[in-house]
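Below is one structure; the comments refer to it alone.
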């Protein structure tokens, strides 16, 4: 596609390299009230990973799985469903509609409508406030920023250095969210969020044999241990094999093809584990971490070392570069590899750029607009498995490792009236982690159907440091899952009074 601006233009106030969700937000917030002009340089699709290959397609695939599971657990519905399974064709068709059939025209129209220009091509730094763009036809164009350059180049799946694994062309997150063929047997390498969500929809779409290989002692190792334990039990009941504490030591695929994203990349794959066990599958999904796109970004032209995550301050300025003109947001700065966190960082960076351009003082601190606060041990996240897993802040162990005087309280969500009406056999648990010294929440975890929206109330409590006595006056509606707040406080009160 051609550029969406005058090809002869060379200068803007703000240049954003990378048009993912965070990059779009940075351009918007830098310009919408300031009179500044911005351009986004994007080599692929405007909207980035989240819109086309991550958040949006994955949730489109998970929603039908969730509805079917809940329906099977409700009398009057389960009888209608019987043993019927999902129909993959319409599920994949809706996924395609959600990602606009990988067409970013609507995103480009949004940008242009907001007064943000778009240049197609691969952007690299080539000097102070200077970006060289290599266009689709190979021609180069040098752009200059009057005030700021924002880097939002994201990350890509990391393939572990296992003999034969890269050569086997395994699936990565882009393949599994944009799958067009459903293999009969799969091995999933990794036990984090991407792996667990993928397993959920792969099983729902009809993959008959799934084996998860995770090197950590349990799934979702960054969460409270009970989250991974509940999920692993659910996987086992569904016939999914989980090998925790196991590592892949070799992979072999005799026949490898050049099939595009979402299609099988060859014949059978044999994966060898450190125990000597060999697993044979039709496809392997590698979901074992990500690496930042910083190797070919021209960082050396501004005195930085290529590769790795960029270190930024609380205004998202890249450290080691003088002049407060270079910013890094999203996955590239490595603080929290989540779309909503990248957008949060982008809003701050955009506001900071506008304020500095106008010569206004920055408003820092929790009530200010110009400081990154939530990235510091207050990050929310939802894993859309069955059951859902929501968390914010620190786990109990993380809090103890930081030297906090920790108090924790848990509650079985199945004991709530609000959960019983959701599912007949509800499975879930909730946990709060408190700093005893200040009597405030520093972490919360919820596992169960319908808890995704509940996570935000916990985020408010953690970020605002709402004192526990005040939480007693935050009345939950009945009968909803949010009643767990009252039950957790009651459990805490019993312990303190007892």
Out of all the residues in the range 241-250, is one or more assigned by TED's automatic domain parsing to the domain that holds residue 197, surrounded by fewer than 20 Cβ atoms within 10 Å (Cβ to Cβ) and free of Cβ contacts under 8 Å to residues at least 12 places away in the same chain?
no
All-but-one check, residue 369 against (1) over 19 Å from residue 24 (Cα atoms); (2) not assigned by TED's automatic domain parsing to the domain that holds residue 16, failing number (1)
Restricting attention to the range 109-122, does a residue exist that is more than 22 Å from residue 37 (Cα to Cα), in contact (Cβ under 8 Å) with a residue 24 or more places away in the chain and under 24 Å from the mean Cα position of the chain (by Cα)?
no
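Those residues that are out of contact with any helix residue (DSSP H, G or I) (no Cβ under 7 Å at 6 or more places or on another chain) and either in contact (Cβ under 8 Å) with a residue 60 or more places away in the chain or surrounded by fewer than 21 Cβ atoms within 10 Å (Cβ to Cβ) (or both), I need them from the range 181-193; list them, please. Before you say what the answer is, go through the steps one by one.
Initially, the range 181-193 is screened for residues out of contact with any helix residue (DSSP H, G or I) (no Cβ under 7 Å at 6 or more places or on another chain), giving 181, 183-185, 187, 189-193.
Correct list: 181, 183, 184, 185, 187, 189, 190, 192, 193.
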Of 345, 315, which residue is touching a residue at least 12 places away in the same chain (Cβ under 8 Å), part of a loop (DSSP other than H, G, I, E, B) and touching a helix residue (DSSP H, G or I) at 6+ places or on another chain (Cβ under 8 Å)?
315
Looking at the range 162-169, is at least one residue touching a residue at least 40 places away in the same chain (Cβ under 8 Å) and part of a helix (DSSP H, G or I)?
yes
Which count do you get for residues in the range 189-205 that are in contact with a strand residue (DSSP E or B) (Cβ under 7 Å, 6 or more places away or on another chain) and part of a helix (DSSP H, G or I)?
8
Residue by residue through the range 119-142, note down the ones that are within 16 Å of residue 13 (Cβ to Cβ) and surrounded by fewer than 22 Cβ atoms within 10 Å (Cβ to Cβ).
128, 129, 130
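The values are calculated or read from the model by the stated rules, or taken from the named source; none is laboratory data. Fair warning: this is a prediction, and the values are worked out from it, not measured in the lab. Cβ: placed from backbone, ideal geometry, glycine included. Neighbour counts: every protein chain shown.
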